[in-house]
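The values are calculated or read from the model by the stated rules, or taken from the named source; none is laboratory data. Predicted model only: the values in this text are computed from it and were never measured. So basically every Cβ, Gly included, is an ideal-geometry build from the backbone, and we count neighbours across all protein chains shown. Ligands, DNA and RNA are stripped out before the accessible areas are found, and what is left, the full protein with its side chains, is counted by its heavy atoms. Shrake-Rupley method; radii C 1.70, N 1.55, O 1.52, S 1.80 Å.
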Amino acid sequence: MKYKAIKRLWLITGSLLLVASHPSTVDAQDIDWPKHGLNSQESRYSPIKQIHADNVSELGLAWAKKLSTIRGIEATPLVIDGTLYYSLPWSVVQATDGISGATLWTWNPGVDKAVWGRKACCDVVNRGVAHSGEHIYASTLDGRLVCLKASDGTQVWSTDTLPKDGDYSITGAPRIVGSNIIIGNGGAEYGVRGYVTAYDLKTGEQRWRFYTVPGNPGEGFESESMAKAAETWSGEWWKFGGGGTCWDAFAYDEELNLVYVGTGNASAWPRTWRNPGDDWEDNLYVSCILALDAETGELKWHYQTTPGDNWDYTAVQQMILTTLEIEGKDRQVLMQAPKNGFFYVLDRVTGELISAEPYTEVNWAAGIDQSTGRPIETPNADYSREPKDIKPGPLGGHNWQAMSYHPGYRLVYIPTIETGMIYRERDRHSLRAGKWNVGVTFDNPASKSNTDYSGSLLAWDPVRQRAAWKIAHPNVYNGGTLATAGDLVFQGNGEAELVAYHAGTGQVLWRYFTGTAIIAPPVTYSIKGVQYVAVLAGWGGAYGLDSPPSGKAQEYFQEGILYTFKLAGQGSAPRLTKLNREISDLKSAGFSVDIESAKKGRNLYFDNCVFCHGSVDGQGGALPDLATTSVSYHELWPQLVMEGILARSKGMPAFKEFLTDEESSAIQHYIIQETQKLYDEQSQ
């Protein structure tokens, strides 16, 4: 059905929600994608309409290029004057011609894989770069903020943003805020203290820093905001860092001169580890939206989406700034769908809660109290005395994958996650340097017997706070979204497809099989009057952990590929590599299993290995699942695991500082046991 007919049908049936005439749109000329979210408001709505709902079926491949990586790719490319600038795993930055796909330059920061592969909570990804004037700005996994010449990738300056101790890392994209550039970091699971820092664009000198949680009171507080925050903590929280890391979301209101910062989960996760007694504390400013003065970093207001976070419910998910008509008045708002499952609309001038409703299944809270802005927790939320199946789980109802906002339809397009987890508090221990210190077990990634294990593309009405339409996906993780003035929404998915939907109805109008599943968001740009749509395909990271590629994608090796499309494109598709997932018969090769060792190894595996390798039953991960580990690798097990002979080349760290020989052997027994089960099942 053509899109004009769809509009008429919706108007007749009355099912079209708030279809207003489109705001000003432009035909495709030379239009860039200059910022991470297209603009400082992070809307990811492009005014280009050469490709629209009535002709998107004619979209064809313009060009594609393989990217020499098998790690997850999460970056949003920038497009400046016809050149694409994007980041890859290990913080590599590349510039590519937007018409031909030719590589113009590559900058490799030389991150020490032996050290930093271990410190990256959720794989060695990078979500993008920033641009200003003649320069590209990049962050690196090992904590550097770097200024490069856009023309050739030559380094202009470099600033180390991390303290000398602590297991910090950076995977997020920096943002330009006036004459400054801001960046946060990750590491809450390892026990660090969060902060966001602004640096001078020209020199890289630090302009201001805002800590998100208080440090040791005995050492004093950096600001009045930290002294106030300390009143909401008790016990000796600083021994686990506190958390609150700013690893992704930022937005900027130039008129108000406010930069909005999303903060992460508390460290450790269970409240009981941070707050002795039965009276829970709010633990400011974890799981918060902060409004900071862009010039000074002074806190203007905050809104805490999850007071006393107990579930890894970060608020670092993308924030969109826009104007909504609410009860007959235009309101300047901030919209966010954080992990906790509620969609928030806030007054971005004052931080006042306007509305909040669940956008996915939620059983930890009955709702949000409109008068206080606080969640109304249910008895199911407390897992301190017994395990609880809680939704959303730590993956959240929405994670880092970008959402977009269409001002014509007034809909937000959210890549949602629909799964929970059985939270089971573990016996308390002191901070374990170099390891996760979350305080819960990971030997039950989800309760699959009673939990939907999927995702969706959700079109959400932020005024009415309800769904307009929804497309179910078989995967937990799917790509970020792009909305355009051509009445389109683009999204990649875990089935290795880039799909174009009608922005008003959700009707599938076009799809393309990429071979590699997609978690990164698409972008669009135009050069010499031709509109292009580009997306980085590359499956992996911790965000592939519980949901491997599905459908036809399972047949192919998941390698990084940059795809670019245009109308009537006739480019050559890259040759895809068929996947040969061969499971070894380890029993016939002479390997036996000690049952008691395997039992111990299971817990050790989920403590040390699952974050990169996924479950041994083939449930994805940043790297090939260990069920495909060859006999020769098992023969070299001590050298691989304890000595780290693949550290420099692959980033597989040496574990001799974190495991005993007996523990390493126990993990191997567990892997052999699970591998043999799979082999026997496959042979039947």
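When the surface is traced with a 1.4 Å probe over the full set of protein chains, Ile583 keeps roughly 10 Å² accessible.
Starting from the residue with the highest accessible area, list His302, His634 in decreasing order, probe 1.4 Å. Let's see the in-between values first.
Numbers: His302 60, His634 5 Å².
Largest to smallest exposure gives the sequence His302, His634.
If the segment from Lys677 to Ile326 were pulled out straight at 0.36 nm per residue, it would be longer than the present Cα-Cα gap by 120.6 nm.
Any idea what the relative contact order of the chain is, in percent, if you count C-alpha pairs under 8 Å spaced at least 6 apart? Intermediate results must be reported in sequence, preceding the final value.
Numbers: 1906 pairs, mean separation 98.4, N = 684.
For the chain, the relative contact order is 14 percent.
Residues His669, His398 ordered from highest to lowest accessible area at a 1.4 Å probe: His669, His398. Residues of the stretch 330-367 with the amide nitrogen closer than 19 Å to a label point 7 Å from the Cα of Ile376, along Cα-to-Cβ, please. Flagged as within label range: 340-345, 353-367.
Here, P(r) means the percent of Cα pairs in each 10 Å bin from 0 to the largest distance; for the chain it is 3, 16, 27, 28, 18, 7, 1, 0. Measuring r between the beta carbons of Asp165 and Glu236 and using R0 = 22 Å, the FRET efficiency lands at 0.75. In this simple spin-label approximation, Asp112 and Gln570 carry label points 7 Å from Cα along the Cα→Cβ vector, and these lie 5.4 nm apart.
Can you tell me how much longer the chain between Thr350 and Asp81 gets when fully stretched, taken as 0.36 nm per residue apart minus their C-alpha distance, in nm with one decimal? Let's see the in-between values first.
Numbers: separation 269, 0.36 × 269 = 96.84 nm, distance 3.74 nm.
Taking Thr350 through Asp81 to full extension adds about 93.1 nm, to one decimal.
What length, rounded to one decimal in nm, is gained on full extension from Asn363 through to Arg648, with 0.36 nm per residue of separation minus their alpha-carbon distance?
Details: separation 285, 0.36 × 285 = 102.60 nm, distance 4.44 nm.
Extra length from Asn363 to Arg648 when fully extended: 98.2 nm.
Rolled with a 1.4 Å probe across the full set of protein chains, the surface gives Ser179 an accessible area near 50 Å².
For the set Leu509, Leu290, the ranking by accessible area, highest first and with no ligand, DNA or RNA atoms included, is Leu509, Leu290 under a 1.4 Å probe.
Taking a probe of 1.4 angstrom, what is the accessible area of Ile70 in Å², to the nearest 10? The accessible area comes out at roughly 70 Å².
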